[in-house]
1. If you take every residue apart from ASP51 with its C-beta less than 14 Å away from the C-beta of ASP51, what net charge results, scoring Lys and Arg +1 and Asp and Glu -1?
2. Add -39500 (n - 2.57) for each DSSP H run of 4 or more in the chain, then divide by its residues: what number comes out at 222 nm, to the nearest 500 deg cm²/dmol?
3. Where in segment 126-147 does the amide nitrogen come within less than 20 Å of the point 7 Å from the Cα of ASN87, taken along Cα to Cβ?
4. Could you work out how much longer the chain between THR127 and VAL108 gets when fully extended? Use 0.36 nm per residue separation minus the Cα distance between them, nm to one decimal.
5. Would you mind computing, in nm to one decimal, how far apart the modelled labels at ALA13 and ASN101 are, each placed 7 Å from Cα along Cα→Cβ?
6. With semi-axes √(5λ) of the Cα gyration tensor in Å as the read-out, I listed (i) 57, 14, 11; (ii) 51, 15, 13; (iii) 37, 30, 11; which label goes with the value calculated from this structure?
7. Quick check: at a probe of 1.4 Å, how many percent of the accessible area of segment 8-70 sits on carbon and sulfur atoms?
8. Residue separation times 0.36 nm, minus the C-alpha to C-alpha distance between CYS136 and VAL44: what's the value?
Amino acid sequence: SHDVKNNAKWTKAGKDLTTKRDTRITFQQEPDVDNHGTKYSMTVKNSKPEDEGTYRFEVESSKISESKIVKLIEPKILIVKCDETLNGKIGSPITLTCELNIPQGHVVWYHDGIKLTSSDATPLKSTGLVVKNTDCTRTLTINSLKK
């Protein structure tokens, strides 16, 4: 009897993905109780546009193969909750909060139409601005309010 695990492979554009050293790709093999067989799966984390294409799964020992076309769609990023109005004392800190529907969202902070900073930037200490990103929440702290 052949060890199916060694004879199973995933390919894309003719290249064997099981031998590729891409840490974003993981493979799983587990019993499929419902069908009295084995379930194989491949996961690509943090997919990129170049991950689109036709993927093929083959089990060499049993001449079984299956191809699937993978199309990627960009998730729609929505602002779930954002501070409308905040009041603060001149000279004290204030934190603006914006909540998004997905963690990958990018936020740009503006004051009177002028860009202050963005969620993927690290503002200089001299600006008095602090940016924080946690899951779906983006915050901008202004260390000392000015009029």
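1. Numbers: positive: LYS12, LYS15, LYS20, ARG24, LYS45, LYS48, LYS68, LYS71; negative: ASP22, GLU50, GLU52, GLU74.
Its environment carries a net charge of +4.
2. On the way: 1 runs with 4 residues, N = 147.
Rounded to the nearest 500, the figure is -500 deg cm²/dmol.
3. Those under the cut-off are 142, 144-147.
4. On the way: separation 19, 0.36 × 19 = 6.84 nm, distance 1.57 nm.
Stretched fully, the THR127-VAL108 segment lengthens by 5.3 nm.
5. Placing both labels 7 Å along Cα→Cβ, they lie 3.2 nm apart.
6. (ii)
7. Working: 2320 of 4710 Å².
Roughly 49 percent of what the probe reaches on segment 8-70 is carbon or sulfur.
8. Details: separation 92, 0.36 × 92 = 33.12 nm, distance 2.15 nm.
Length difference between fully extended and current span is 31.0 nm.
The values are calculated or read from the model by the stated rules, or taken from the named source; none is laboratory data. The model shown is predicted, which means the values in this text are computed figures rather than measured ones. When we count neighbours, we look across all protein chains shown, and the Cβ atoms used for this are built from the backbone with ideal geometry, even at glycine. The protein model used for the area step is the full one, side chains on, heavy atoms only, and it has no ligands, DNA or RNA in it. Shrake-Rupley method; radii C 1.70, N 1.55, O 1.52, S 1.80 Å.
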